[in-house]
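The values are calculated or read from the model by the stated rules, or taken from the named source; none is laboratory data. Bear in mind the structure is a predicted one, so any value in this text is a computation, not a measurement. Note that each Cβ is placed from the backbone with ideal geometry, even for glycine, and that neighbours are counted across all protein chains shown. Accessible surface is based on the protein model in full, side chains and every heavy atom, while ligands, DNA and RNA are left aside. Shrake-Rupley method; radii C 1.70, N 1.55, O 1.52, S 1.80 Å.
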Protein chains: 2
Amino acid sequence: MTYRRRQTVRDLRRGNRSALLRHLYFEGPLSRQELGRDTGLSAGSISNVIGELVADGLVEEAGAVESDGGRPRTLLKIAAGHGYLVGVDVGETRVRVALFDLALTELAATDHPLSDSGHDVGHVVQLILDGLAAVLRDTGADQDRVLGVGVGVPGIVEQGGDLVVHGQTIDWESVPLGRLLRTGTELPLHIDNGAKTLGQAEMWFGAGRGAKHAVIALIGSGVGACVIADGTPYRGAASSAGEWGHTTLQVGGRRCRCGARGCLEAYVGAEAMLERWDAAPPGLSEQEGLAALLGAAERDPAADALLSETAEYLGAGIADLINLFNPERIIIGGWAGLMIGPRLLPAACEAAAEYALHYPFTQTSIELGMLGPDAVTVGAATLPLARFLDSGGSP
Amino acid sequence: MTYRRRQTVRDLRRGNRSALLRHLYFEGPLSRQELGRDTGLSAGSISNVIGELVADGLVEEAGAVESDGGRPRTLLKIAAGHGYLVGVDVGETRVRVALFDLALTELAATDHPLSDSGHDVGHVVQLILDGLAAVLRDTGADQDRVLGVGVGVPGIVEQGGDLVVHGQTIDWESVPLGRLLRTGTELPLHIDNGAKTLGQAEMWFGAGRGAKHAVIALIGSGVGACVIADGTPYRGAASSAGEWGHTTLQVGGRRCRCGARGCLEAYVGAEAMLERWDAAPPGLSEQEGLAALLGAAERDPAADALLSETAEYLGAGIADLINLFNPERIIIGGWAGLMIGPRLLPAACEAAAEYALHYPFTQTSIELGMLGPDAVTVGAATLPLARFLDSGGSP
DNA sequence: AGCGTTAAATCACGACTTGAAGAAAGTGAC
DNA sequence: GTCACTTTCTTCAAGTCGTGATTTAACGCT
């Protein structure tokens with residue numbers, strides 16, 4: 001039902017520019033020769049397009065490599081300094097703004113904790129705009145060379161026009177964050193769910209490298225997921241796909257904070273695990289509490305049983321992902337996921353093997369994430385970068 | 001991570017041909033004028049490409065319509081007689097082969113029941129090839145004008161090379177059906193899961209028309225689903241995505257025929273429902289049994305409770321689909337689904353509202369399918385048709 | 001210095017879309 | 001019946017693009 005709608009001979013050029021740029025970005029320095037081999041373009045076209053890219057300053061030479069006996073091939077790479085990217089992480093406890101170059105090395109960052117004043121929208125917007133100004137000032141970067149700003153937020157983001165955010169956990173109801181931010185900056189704006197940006201980061205630079213179909217499961221206080229279908233994040237009709245945490249694992253089961261019963265999140269998130277632990281020491285943060293639980297499981301049978309049960313639920317949840325999405329890789333991330341992963345993953349894998357269909361299970365590898373929660377910022381910066389690469393460098 | 005790989009100026013033409021062909025196919029007779037407006041191509045190109053298509057016999061004129069005062073516009077449509085399509089349904093109980101024209105009107109069909117001899121591979125292959133020969137003979141259709149053969153099978157199909165089928169329910173283990181069929185015919189071959197072909201048919205001609213993101217849930221003896229993401233069926237890494245029936249709804253719950261516990265299919269499929277019905281009359285077929293159960297629920301509280309429970313499980317399963325895929329539409333199909341739908345859907349929707357997240361639930365409509373099980377054949381014929389349209393008519 | 005080898009640049013050619021200008025096919029007024 | 005007008009469709013010059021063959025560049029080896 002989707003009508004392709006491609007046109008002029010000019011789009012062709014843009015497409016090929018994009019392909020070259022992308023390939024060069026991910027496969028590091030390459031010669032024109034290798035680019036031709038990999039992309040299928042003729043040597044003539046490569047020469048032509050690369051010449052243009054070099055003239056535009058997007059690509060630069062990166063030394064040469066001998067070629068047994070003949071003219072050495074000159075290597076090419078993306079000019080990391082050609083532009084800047086801004087990544088913003090609006091987390092549950094802080095707002096972090098970072099400036100990157102095109103190679104996504106961090107040049108400067110600011111970090112503001114969100115105190116009990118909570119997530120007042122005006123305040124958060126101000127923090128973002130201030131952070132943006134600060135990182136630009138600190139590095140002396142020229143505003144005109146910032147390719148775009150990516151923002152990761154804890155909530156569902158309606159893509160399009162105003163970039164409206166629905167963030168249940170931070171009490172944001174239909175906040176037109178895009179419109180609000182545009183009052184303070186004219187830079188191109190991208191906003192997405194923080195879990196999705198983290199997933200994107202894992203795909204590009206972490207445990208997801210090379211996979212086409214993957215699910216990045218994010219376990220923190222609650223549980224979320226980022227589904228990668230055919231190399232790109234899957235959003236669904238209203239950008240809320242991948243709400244794995246509220247998958248039902250127990251009809252009529254334990255009450256979840258979303259109001260339903262028997263959700264995965266009612267058993268597996270840090271919050272739920274601590275609530276289920278009768279002997280939880282009072283007054284600890286979730287991080288400390290979870291660490292205590294893991295420690296206690298060494299000697300306390302009740303705590304150990306709790307972890308075993310959690311592993312079974314996690315495994316069943318993973319099995320659902322396998323059955324429904326058939327990914328080649330499932331990556332467990334999020335601060336709690338990374339914490340409980342080493343302890344629970346073997347048992348969870350066993351459970352997943354039982355609950356999933358045999359054939360797709362054998363096709364899936366289950367791994368721990370490689371990037372910590374800080375990667376949300378990198379992932380956010382990934383959004384304008386993706387646009388940059390897709391468009392073949394703006395024009 | 002996916003490197004676009006587009007090339008020559010010739011692909012452009014193919015793309016535009018395809019866009020025109022597709023648009024003409026789905027939006028019925030249109031004038032060149034309207035085609036230009038809808039696809040964005042210039043009048044010159046339209047004229048050029050359409051001229052080619054008419055010369056190739058893919059498109060033909062379909063009358064004219066006056067235009068207040070000026071030259072009347074001539075309407076164009078796909079030439080339904082330009083080629084033939086074959087659809088094959090390898091079901092659990094029969095093998096059906098049908099010949100269609102390009103408009104997917106059925107020209108001839110054969111239907112062979114599969115007796116207890118079961119699904120012996122050689123036998124099935126022979127039935128397909130015989131059926132193919134028969135429909136060609138009956139209609140006098142020229143073999144050279146058959147664009148391709150689509151086959152729907154009950155099992156997972158590895159796309160690529162040999163088109164290997166893994167069909168647990170019919171005892172097919174790694175059957176290279178593609179290779180086997182190619183010994184008897186040289187027509188282009190497409191094989192896919194029967195649930196997916198039925199889903200495709202619903203999307204093109206049934207309850208799914210116009211949706212970009214949808215899930216077609218198929219309830220028969222067991223339970224399956226066809227996930228449509230961005231207008232095309234989502235397969236996952238190994239073509240086994242959408243195994244909704246084995247989603248876990250009850251950790252440690254009822255044993256399912258797949259070996260796991262608490263699967264949706266252990267509660268909602270026809271087989272499971274009858275097994276759970278203590279008062280099931282013996283000796284009935286599943287169809288008759290299910291009808292009896294629905295009848296008994298009018299007066300027997302136990303049967304009524306069984307149906308209510310089933311509705312809750314179905315609702316929870318639907319909620320999982322909503323949370324994970326965020327579709328705009330969920331379509332309940334399959335013979336059992338169509339049978340129990342009118343009775344269970346209201347209660348199931350209520351349950352889904354409870355188990356799903358509020359925001360995506362409000363974005364989703366839940367409907368009954370419009371096509372019966374016979375549509376598997378049409379859906380199968382859809383496979384070569386899709387290829388025909390994508391390629392802009394073979395060349 | 002000359003030869004062989006490999007990498008990159010150049011250029012004629014064919015294919016493509018566009019946009020403007022022209023041809024076709026009607027209506028309606030005189 | 002003719003002429004002006006409107007709308008649709010076709011034709012054609014102009015500009016762009018990728019290819020593939022040919023040149024030019026850059027190096028090692030003898």
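Restricting attention to the stretch B:352-371, does a residue exist that is out of contact with any Lys or Arg (no Cβ under 9 Å at 6 or more places or on another chain), within 19 Å of B:L249 (Cα to Cα) and buried (at least 24 other Cβ atoms within 10 Å of the Cβ)?
yes
Which condition breaks for B:A272 when tested against (1) farther than 24 Å from A:A214 by Cα; (2) touching a helix residue (DSSP H, G or I) at 6+ places or on another chain (Cβ under 9 Å); (3) surrounded by fewer than 21 Cβ atoms within 10 Å (Cβ to Cβ)?
Against the list (1) farther than 24 Å from A:A214 by Cα; (2) touching a helix residue (DSSP H, G or I) at 6+ places or on another chain (Cβ under 9 Å); (3) surrounded by fewer than 21 Cβ atoms within 10 Å (Cβ to Cβ), B:A272 comes up short only on (3).
With (1) within 11 Å of chain A (Cβ to nearest Cβ); (2) more than 28 Å from B:G289 (Cα to Cα); (3) modelled with pLDDT of 95 or more as the list, and B:I318 as the residue in question, which single condition is left unmet?
It is condition (2) that B:I318 fails.
Please verify whether the stretch A:183-192 includes one or more residues that are surrounded by fewer than 23 Cβ atoms within 10 Å (Cβ to Cβ), among the hydroxyl-bearing types (S, T, Y) and modelled with pLDDT of 90 or more.
yes
Please find, among A:L324, A:L293, the residue that is crowded, with 17+ Cβ neighbours inside 10 Å and without any contact (Cβ under 8 Å) to a residue 12 or more places away in the chain.
None of the other options fit; the residue is A:L324.
Say whether the condition of being within 11 Å of DNA strand C (Cβ to nearest atom), under 30 Å from the mean Cα position of the chain (by Cα) and more than 14 Å from chain B (Cβ to nearest Cβ) is met by at least one residue in the stretch A:76-87.
yes
For the stretch B:185-226, enumerate the residues that are at the interface with chain A (Cβ under 8 Å from one of its Cβ atoms), in contact (Cβ under 8 Å) with a residue 40 or more places away in the chain and among the charged types (D, E, K, R).
Passing the criteria: only B:K212.
Scan the stretch B:11-36 for residues that are at the interface with chain A (Cβ under 8 Å from one of its Cβ atoms) and open to solvent by less than 10 Å² (accessible area, probe 1.4 Å) and jot them down.
B:S18, B:A19
Given (1) open to solvent by less than 10 Å² (accessible area, probe 1.4 Å); (2) within 14 Å of another protein chain (Cβ to nearest Cβ), identify the lone condition not met by A:L344.
(2)
Note down all Cβ pairs under 7 Å where the first residue falls in the stretch B:227-248 and is at the interface with another protein chain (Cβ under 7 Å from one of its Cβ atoms) and free of Cβ contacts under 8 Å to residues at least 40 places away in the same chain, the second is outside any loop (DSSP other than H, G, I, E, B) and among the charged types (D, E, K, R), and they're at least six residues apart or on different chains.
Hits for this filter: B:H246/B:E265; B:T248/A:D320.
Examine the stretch A:86-97 for a residue that is over 26 Å from A:D171 (Cα atoms) and touching a residue at least 24 places away in the same chain (Cβ under 8 Å), and state whether such a residue exists.
Within the stretch A:86-97 (the criterion being over 26 Å from A:D171 (Cα atoms) and touching a residue at least 24 places away in the same chain (Cβ under 8 Å)), the answer is no, since none of the residues qualifies.
Filter the stretch A:205-232 for residues that are in a loop (DSSP other than H, G, I, E, B) and under 10 Å from A:G333 (Cα atoms); which is modelled with the highest pLDDT?
This residue is A:A207.
Does B:D130 satisfy the criteria of being out of contact with any Ser or Thr (no Cβ under 6 Å at 6 or more places or on another chain) and surrounded by fewer than 18 Cβ atoms within 10 Å (Cβ to Cβ)?
yes
Can B:D111 be described as out of contact with any Asp or Glu (no Cβ under 7 Å at 6 or more places or on another chain), over 26 Å from B:G333 (Cα atoms) and surrounded by fewer than 19 Cβ atoms within 10 Å (Cβ to Cβ)?
no
Could you say which residue among A:A280, A:A217 is open to solvent by less than 10 Å² (accessible area, probe 1.4 Å) and outside the structural domain of A:G155 (by TED's automatic domain parsing)?
So the residue among A:A280, A:A217 that is open to solvent by less than 10 Å² (accessible area, probe 1.4 Å) and outside the structural domain of A:G155 (by TED's automatic domain parsing) is A:A217.
In the stretch B:78-106, which residues are surrounded by fewer than 17 Cβ atoms within 10 Å (Cβ to Cβ) and touching a strand residue (DSSP E or B) at 6+ places or on another chain (Cβ under 9 Å)?
Hits for the stretch B:78-106 are B:A80, B:G81, B:T93, B:R94, B:A103, B:E106.
Just need a number here: residues in the stretch A:157-180 that are touching a Pro at 6+ places or on another chain (Cβ under 8 Å), more than 18 Å from A:G87 (Cβ to Cβ) and either surrounded by fewer than 20 Cβ atoms within 10 Å (Cβ to Cβ) or hydrophobic (A, V, I, L, M, F, W, C) (or both).
4
Which residue pairs have Cβ atoms under 7 Å apart, sit 6 or more places apart or on different chains, and have a first residue in the stretch A:354-373 that is free of Cβ contacts under 8 Å to residues at least 12 places away in the same chain and a second that is open to solvent by less than 50 Å² (accessible area, probe 1.4 Å) and not polar (S, T, N, Q)?
As it stands, the answer is A:Y359/B:I156; A:Y359/B:H166, since those pairs meet every condition given.
Note down all Cβ pairs under 6 Å where the first residue falls in the stretch A:33-59 and is in contact (Cβ under 8 Å) with a residue 40 or more places away in the chain, the second is open to solvent by 40 Å² or more (accessible area, probe 1.4 Å) and assigned to a helix (DSSP H, G or I), and they're at least six residues apart or on different chains.
Every condition considered, the pairs that remain are A:L58/A:H82.
Looking at the stretch B:283-293, is at least one residue within 14 Å of chain A (Cβ to nearest Cβ) and more than 20 Å from the chain's Cα centre (by Cα)?
Looking for residues that are within 14 Å of chain A (Cβ to nearest Cβ) and more than 20 Å from the chain's Cα centre (by Cα), one finds none in the stretch B:283-293, hence no.
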